[in-house]
Amino acid sequence: MKTFPSDIERKIDFAHIREWLIANCQHNGGKQLAVKMSVSSSLPQIELWLDQVSEYRNILQSGKSLPISNIEITSALEQLKVDNQILEDEDFLNVRLVCKDSQDLLEFFLKSPEYPNLFKVAEKIDVPSEIVVKIDQVFDEQGRWKRNASVKLQEILGESDQLERRAFTRLTKLYEQGQANNWTADTGITVKEGRMVIPILAEHKKKIQGIVHDESGGGKILYIEPLEVLEFTNRMKELEMERDREMRRIRSKLSSLIYPYVSDLLWADKVMAILDFIRSKGRLASDLEAVKPKIFKEKKISFSNLYHPQLLMINRPKGKPVIPMTLELDPDQRIMIVSGPNAGGKSVAIKTLMLNQYMLQCGILIPCAPDSSTTVFRNFMVDIGDSQSIENDLSSYSGHLTAMKYFLENADSSSLIIIDEIGSGTDPNFGGAMAESILLELNRKRVMGMVTTHFGNIKTIANKTPGLINGSMAFDMDHLKPLYRLKSGIPGSSFALEVATNIGLDPTLIKTAKQRSNTVEQKTDELLARLETEREKVQFLNQNLENERKHLESIRSAYEQLKSDLAKARKDIVDEARKKAMEIVKDSNSLVEKSIREIRESQADRRVIGKIRKERERFVSEQKKDLGISDVPEKKKEKLPPKVIDLEIGTIVKIPNSDASGEIVEIRKDKAVVVAGIMKSTFPLTELKGIKEPVSKKRVRINYDLIKAKSEFVMEKDVRGMRGEEALREIDKWMDQAIVAGAPQIRLIHGKGDGILKRLIHDYYHKNPYVKHIKTESIEAGGEGVSIIELR
């Protein structure tokens, strides 16, 4: 694995990413992992890292949290392992916390099998629960010693408490006596050097016999321990030493219990550090809305909506837009030559590629579209910024050549390179020729990457050399401003004279420069600028066509769904009718058999026959009722001779060989075009027969009008030159047509001028219930002179 130069991470802005990860780690071990993080060329290792981060990002987004201990216990345990020393109280509490978190961590993964890669990190944790139990017997939840940590400790503390109460009672009496005689200060009974004392005024020190432990107020107050309580306090001091010895014995015993499991605890602590490091990566992924692209062995890059991570981190909180880029590199087009205006985003574009690829191979998710894909590189080489060095006696150009020497000696087909302004820093004629030679050699080595340039000869060889491809940064010709959007396939103009005009340089100087510039290069730049403008127009038209195609596709899908639903409904109705008929037949057979049996048994008794007839009539009536058939006999209608109806446009006719009907919309000599629903067919007039179906006619006519409206509707309208009231009337009619046609959005050209017509239109249609949103068109497609109206 080779990286160049030594400060590559600073040059591609990765140093900021590393600092962010370190700052967001909470475990000291996690911070150390972030510091030591390095790029990898192992595809399995990279895949594992990325899957772990993806799982942790999912945990964060679900609102869950892993019980990761942020306490570092390594140093204390290492000391215990080497010197068998006794741990301190704080060490025991930290060990308990790590043990408890380890148990909770394993329980979390057992209940959440959807995080298999994170579970692999923690699955080998093996910390005995006995450690937690034993520590809990000694310390309470606040980390204080329990009085019953041992029987002896409990006895010592009990006796000490009893002596303290007796001593305090006696001291209280003495203090109250002193207060009554004005011997004492008002500060009350206190403790000095571990002894309970009374504050006695210096002039009365002989009134109470005892030992002076301290003084204050310049010797005006003496703190005396009366002889009457000396015996108590001496014994309390002895008990205090006994307590310390017992506590040390308990600590030693606990340390001995922990000693055999030091290795297990160290591993648990390491797991916490690893998960803390992954958590920091997951938080970064969540902030950047980053994903894991597909990674293949084949040397091919296909990034869409790829953002510069640091720009996202800086601009997104401020609400500033960040322009993503789309990039395709493959074995046939390995190196993109990016040209365009200064400050147009060329350097940011090539750093965006290098930074994201470097992050990915460090196991960090990147901000791009989920369908993006890339490969794995063994070498990363960067030549960007000023490489001059006073210490090494290198000029800017010499520094660049030194970098190129390293590239040519070490680059291969597994190398990703970026070069900013290749060949710059010297005479353009020689610099351009040298840049061309270097680029052709790097292309021969089959490296992959991006190179920026202003040299015309580099753009030319990129256009005709296999393995190279031109690219450019978009530029707004109307406002002479860069758009920071990478475009593939065509070179870009430097727009040097246009930019000079935009910043207000003297027009005379610009005219002189134009006259003195290379005529061929000037014409090439002008041609590129016109080509850029035409390309924008074509892209806009293609987008409109794509929108129309999607709209028609949605109509077709809706028709197919309706057709499918109708077929299913018809089948369900037939199946239900068949089922009902079978039930009727079955019930009828049962009734007939019952009737025959009763007639035979009664020997044709009239009363029985009458009863049977009534049961039959009741059964038939019930079946008619279930089927929705009326018992009222229908009046016979007189058959009238069929009326002959003339065939003309608008006549409703019966469609041959079907039960459907339709409307004649066009007559061509001896044939007629008939529309039925959304279907249009042509039939000979001799096969058509006119009928009169008012309801069917209305339905067919509506469907036809709808289709006609959709097919004839124009998505764009121009109201330039119209007065306000006239423009609003025209737009109202046009918008009604758009709503009938089901158009998702329409494009209105109103011109720029003083902006009065635009404001009138925006104010009027912001209140329209059918208007969802009005926005100004992009600069390259018309800007302030065009509005896009999105319909509900």
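The values are calculated or read from the model by the stated rules, or taken from the named source; none is laboratory data. Note that this is a predicted model, so its numbers are computed, not measured. Using ideal geometry, Cβ is built from the backbone for each residue, glycine included, and neighbour counts are taken over all protein chains shown. All accessible areas refer to the heavy atoms of the entire protein, side chains included, with ligands and DNA or RNA removed. Shrake-Rupley method; radii C 1.70, N 1.55, O 1.52, S 1.80 Å.
Tabulated results
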item: Quotient of Cα Rg and 2.2 N^0.38 Å for segment 1-56, N being how many residues it contains; result: 1.24
item: Cleavage-rule hits, trypsin sites (Lys or Arg not before Pro), segment 158-233, DSSP coil, Cβ neighbours within 10 Å at most 13; result: 220
item: Sites residue 206 and residue 133 - FRET efficiency at Förster radius 60 Å, r taken between beta-carbons, to 0.05; result: 0.55
item: Those GluC sites (Glu not before Pro) in segment 122-172 that DSSP places in a loop and that have at most 10 other beta carbons within 10 Å; result: 141
item: Whole-percent carbon and sulfur share, accessible surface of segment 1-85, 1.4 Å; result: 48 percent
item: Segment 196-308: radius of gyration over Cα atoms, expressed as a fraction of 2.2 N^0.38 Å; result: 2.55
item: Residues listed by number, segment 141-170, amide nitrogen under 15 Å from residue 249 label point at 7 Å toward C-beta; result: 148-158
item: Solvent exposure of segment 93-200 as accessible area per residue, Å², 1.4 Å probe; result: 56 Å²
item: Diffusion coefficient, µm² s⁻¹, Stokes-Einstein with Kirkwood Rh over alpha-carbon pairs of segment 420-483 at 20 °C and 1.002 mPa s; result: 167 µm²/s
item: Placed amide H near residue 301: partners under 5 Å, 5+ positions off or other chain; result: 329, 330
item: Extension gain (nm, one decimal) between residue 778 and residue 555, 0.36 nm per residue minus Cα-Cα; result: 77.4 nm
item: Per-q log10 I(q)/I(0), segment 333-451, q = 0.11, 0.18 Å⁻¹ (Debye; single scatterer per alpha-carbon; no solvent); result: -0.39, -1.01
item: Average accessible area per residue (Å²) across segment 287-421 - probe 1.4 Å, nucleic acids and ligands excluded; result: 40 Å²
item: Portion, in percent, of the accessible area of segment 219-339 that falls on carbon or sulfur, probe 1.4 Å; result: 52 percent
item: FRET efficiency, residue 193 to residue 147 (Cβ-Cβ, R0 30 Å, nearest 0.05); result: 0.75
item: Convex hull volume per residue for segment 82-148, taking Cα atoms only, in Å³; result: 115 Å³
item: Inter-label distance for residue 577 and residue 430, nm, one decimal - labels placed 7 Å from Cα along Cα-to-Cβ; result: 9.6 nm
item: Segment residue 509-residue 725, length gained on full extension (0.36 nm per residue, minus Cα span); result: 73.0 nm
item: Relative contact order (percent, whole number), segment 80-165, Cα cutoff 8 Å, 6+ residue spacing; result: 22 percent
item: Greater than 25 Å apart at Cα, pairs in 351/775; 669/689; 297/351; result: 351/775
item: Calculated over segment 239-294: convex hull of Cα atoms, volume per residue (Å³); result: 98 Å³
item: Pairs from 31/318; 81/281; 752/772 whose Cα-Cα separation, in the structure shown, is over 30 Å; result: 81/281
item: Kirkwood Rh and Cα Rg combined as Rg over Rh, evaluated for segment 1-129; result: 1.03
item: Coil-residue chymotrypsin sites (Phe, Trp or Tyr not before Pro) of segment 289-343, DSSP, other Cβ within 10 Å capped at 14; result: 296
item: Charge dipole magnitude, Cβ of K and R +1, D and E -1 - segment 735-792, Cα centre, debye nearest 20; result: 160 debye
item: Accessible surface, 1.4 Å probe, highest first, among residues 242, 560; result: 560, 242
item: Extension gain from residue 538 to residue 566, taking 0.36 nm per residue of separation minus the Cα-Cα distance; result: 5.9 nm
item: Derived scalar couplings ³J(HN,Hα) [segment 178-184; Karplus, 6.51 cos²θ - 1.76 cosθ + 1.60; whole Hz; x for Gly, Pro]; result: x, 4, 5, 9, 6, 8, 10
item: For segment 24-87, the spread of Cα positions along each principal axis, largest first, Å; result: 43, 33, 18
item: Rg ratio (alpha-carbon, reference 2.2 N^0.38 Å) - segment 221-268; result: 2.09
item: Theoretical FRET efficiency, 1/(1+(r/R0)^6), r = Cβ-Cβ of residue 343 and residue 78, R0 35 Å, to 0.05; result: 0.05
